[in-house]
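First up is the structure itself, then whatever we jot down about it.
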Amino acid sequence: MAALKNHPGMWLRDDAAAAINALEDKYGVIVINSAGRTVEDQQKLIDAYDAGDPNVFIPARPPETSTHVMDGGIAVDVYNYTDDRGKLNEFGFEWYGNADKVHYTFRGRPGSGNNAATSWNRTGRSTADIQRLVGANPDGIHGPETDAKLRAWQVANRLDADGIFGVLCDAVGFPIDTDGDPGVRTFAKLQHRTGAKIDGELGADTWGRLQTALGVPSDGIPGPVTYEALQRAVGASPDGLIGPETWRKTQAFLNTGKPFPRVGVNPTSPATPTVKAPARPSDDTAVPGVWLGKWSDNREARTDKVRYFVVHHAADPRDPATQVQRFMSPNDRSVSPTWFVGADGIARKIVHPDDRQWTTGRIIDQQAVTVETQNVTGAPTWLISDESHEQIAQLVVWAAKRYGFPIDRQHVLGHSEARAALDPSIGATACPGPSMDLDRIVKRARELASPAPVPTPDTVPVKRSWLESVRDGINALLGRVA
């Protein structure tokens, strides 16, 4: 990396910095708002945009696909992006027509040999391989024809036409690893196959389109019905619990290029309870929280002892009333916590704790009561309010007393911890998010369960006659007559 001599604190890769310095030697200093960034700096921009910072009005790319970060930093954001375009082009910086008009990426000076540099290709595949994929002459030279064909291919596959063949392009165009560990490449391939927007993030749009392709109810919220349909489509064990085996089979299926078959809903889906829960027509006032007029339909009889308290976040900042609706009646996801805690710190009773809720997984749910928590903000921070932390601690105290488990971090678990400890077959998850402080919850629950004793003054029994003799003695010393 090298400094931009006219812009204190800014830097780029050596050749890109040299090009900016040479440009300014010839034409004078241009206004540059940003140049090279660290991964941490890029993540701060992403967080600021997600938090609604008015100074960050364009969403930043993930660090692994941002040319401000990759290859030592090869991009600049300029203020006078129209006036300075010709100067930047002359010195090897190009704008590829995306929405971010201020952004110019260094492609190398004409004739310098840098046009074939790795800045445009981060896949590990040869230029000729990529040229064959996009329909260009496979001569191994990244030139104007390759660029034009690549951009057209990106547009046809619903990718940004930025001229960069990166992680998402690679996932769409070439086979993916069948390692059972899904990520950006698997999700992009799934999006390509289902017609979803290709961004490498597995969200409601992708799930909804996959559900449509599989012929199951399409609400964008995955659950046992969707998982079992996917398993039957790709040849995995149809248990309704998505894990490494299902993802391996899905990855292998995506590599075949076949469309997903419409398998529909299996009437023996694990979403249908095998042991019906007892009727509970009215509230149980012994259970803490606000009753919503009924208990959720998404429950079944509990056949095991409650030993754990499992904490989730909803990954959703919408108001509690909106979120609670999907917990209270049957749906494809068939999801229901024991309680839903809003950012206001109010617990809503969803499933009676003596019944099994449908939240974490069949094996885990039989041994646990659970809480879903409203987020204050969205990704990537998924903030949880102080009021929610306090309410969850109170629920932990109640459940520990009722069911007899200790209040510690071995029994108060996050969603991801519960999967790892109690049923690793389900696979990893990021829930309950980066802002849920489970140690804080346990510490507070212990304080509530065993409050510090109020100190009382020491008392010593004495006879009244002794106290009177002391009084008389003091009065005599003071010269008074009793």
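The values are calculated or read from the model by the stated rules, or taken from the named source; none is laboratory data. Keep in mind it's a predicted model, so treat the numbers as computed, not measured. Backbone-built Cβ (ideal geometry, glycine too); neighbour counts: all protein chains shown. Heavy atoms of the whole protein, side chains included, go into the accessibility calculation; ligands, DNA and RNA do not. Shrake-Rupley method; radii C 1.70, N 1.55, O 1.52, S 1.80 Å.
Hey, can you tell me all the residues within segment 1-26 that are in a helix (DSSP H, G or I) and either surrounded by fewer than 17 Cβ atoms within 10 Å (Cβ to Cβ) or free of Cβ contacts under 8 Å to residues at least 60 places away in the same chain (or both)?
Correct list: ASP14, ALA17, ALA18, ASN21, ALA22, GLU24, ASP25, LYS26.
Exactly one condition in (1) outside any helix (DSSP H, G or I); (2) in contact with a Pro (Cβ under 7 Å, 6 or more places away or on another chain); (3) among the aliphatic types (A, V, I, L, M) is false for VAL29; which is it?
Condition not satisfied by VAL29: (2).
Anything in segment 373-391 that is under 12 Å from ILE346 (Cα atoms) and either touching a residue at least 60 places away in the same chain (Cβ under 8 Å) or assigned to a helix (DSSP H, G or I) (or both)? List them, or say none. Spell out the reasoning first.
Taking segment 373-391 first, the residues under 12 Å from ILE346 (Cα atoms) are 373-374, 385-391.
Scanning segment 373-391 gives THR373, GLN374, ASP386, GLU387, SER388, HIS389, GLU390, GLN391.
Inside segment 35-70, can you point out the residues that are of a type in the set (Gly, Ala, Ser) and at pLDDT below 90?
ALA48, ALA51, GLY52, ALA60, SER66
Is it the case, given these coordinates, that PRO406 is in a loop (DSSP other than H, G, I, E, B) and within 16 Å of the chain's Cα centre (by Cα)?
The answer is no for PRO406.
Out of all the residues in segment 59-67, is one or more crowded, with 17+ Cβ neighbours inside 10 Å and over 36 Å from the mean Cα position of the chain (by Cα)?
No, every residue in segment 59-67 fails to be crowded, with 17+ Cβ neighbours inside 10 Å and over 36 Å from the mean Cα position of the chain (by Cα).
Filter segment 27-46 down to the residues that are touching a residue at least 24 places away in the same chain (Cβ under 8 Å), over 14 Å from SER66 (Cβ atoms) and open to solvent by 20 Å² or more (accessible area, probe 1.4 Å) and list them by number.
TYR27, VAL31, ASN33
Which of the following residues is part of a loop (DSSP other than H, G, I, E, B) and either loosely packed, with under 13 Cβ neighbours inside 10 Å or at negative phi (or both): THR370, THR429?
Step by step, each of THR370, THR429 is checked, and only THR429 is part of a loop (DSSP other than H, G, I, E, B) and either loosely packed, with under 13 Cβ neighbours inside 10 Å or at negative phi (or both).
Pairs only if they're at least six apart or on different chains, beta carbon under 7 angstrom, first in segment 439-451 and touching a residue at least 60 places away in the same chain (Cβ under 8 Å), second in a helix (DSSP H, G or I) and surrounded by 17 or more Cβ atoms within 10 Å (Cβ to Cβ); list them, first residue then second.
ILE441/HIS389; ILE441/ILE392; ILE441/ALA393; ILE441/VAL396
Regarding VAL462, is this residue aliphatic (A, V, I, L, M) and assigned to a helix (DSSP H, G or I)?
Against the criterion (aliphatic (A, V, I, L, M) and assigned to a helix (DSSP H, G or I)), VAL462 does not qualify.
Which of the residues that make up segment 70-86 are part of a helix (DSSP H, G or I) and either under 26 Å from ASN121 (Cβ atoms) or open to solvent by 60 Å² or more (accessible area, probe 1.4 Å) (or both)?
Across segment 70-86, the qualifying residues are MET70, ASP71, GLY72, ARG85.
For segment 298-318, what are the residues that are part of a loop (DSSP other than H, G, I, E, B), closer than 21 Å to GLN374 by Cα and over 15 Å from the mean Cα position of the chain (by Cα)? Full working, then the answer.
Step one: filter segment 298-318 for residues part of a loop (DSSP other than H, G, I, E, B), giving 298, 302-307, 312-318.
Keeping just the survivors that are closer than 21 Å to GLN374 by Cα gives 298, 312-318.
Scanning segment 298-318 gives ASN298, ARG318.
Let me confirm something: among SER416, SER435, which residue is part of a helix (DSSP H, G or I), among the polar types (S, T, N, Q) and open to solvent by 10 Å² or more (accessible area, probe 1.4 Å)?
SER416
Of the conditions (1) hydroxyl-bearing (Ser, Thr, Tyr); (2) free of Cβ contacts under 8 Å to residues at least 60 places away in the same chain; (3) buried (at least 22 other Cβ atoms within 10 Å of the Cβ), TYR308 fails just one. Which one is it?
For TYR308, the exception is condition (2).
Go over the candidates SER336, SER388 one by one and state the one that is surrounded by 24 or more Cβ atoms within 10 Å (Cβ to Cβ) and over 18 Å from TRP295 (Cα atoms).
The unique qualifying residue is SER388.
Among the residues of segment 134-160, write down those that are part of a helix (DSSP H, G or I) and open to solvent by 50 Å² or more (accessible area, probe 1.4 Å).
Let us first name the residues in segment 134-160 that are part of a helix (DSSP H, G or I), namely 134, 144-156.
Once the filter is applied, which keeps residues that are part of a helix (DSSP H, G or I) and open to solvent by 50 Å² or more (accessible area, probe 1.4 Å), segment 134-160 yields PRO144, GLU145, ALA148, LYS149, ARG151, ALA152, VAL155, ALA156.
Could you tell me whether ASP284 is within 29 Å of the chain's Cα centre (by Cα) and touching a residue at least 12 places away in the same chain (Cβ under 8 Å)?
Values: within 29 Å of the chain's Cα centre (by Cα): no; touching a residue at least 12 places away in the same chain (Cβ under 8 Å): yes.
So ASP284 does not fit the description; no.
Identify the residue in segment 87-124 that is at pLDDT 75 or above and open to solvent by 40 Å² or more (accessible area, probe 1.4 Å) and, among all such residues, is farthest from GLN154 (Cα to Cα).
Per the criteria, the residue is LYS87.
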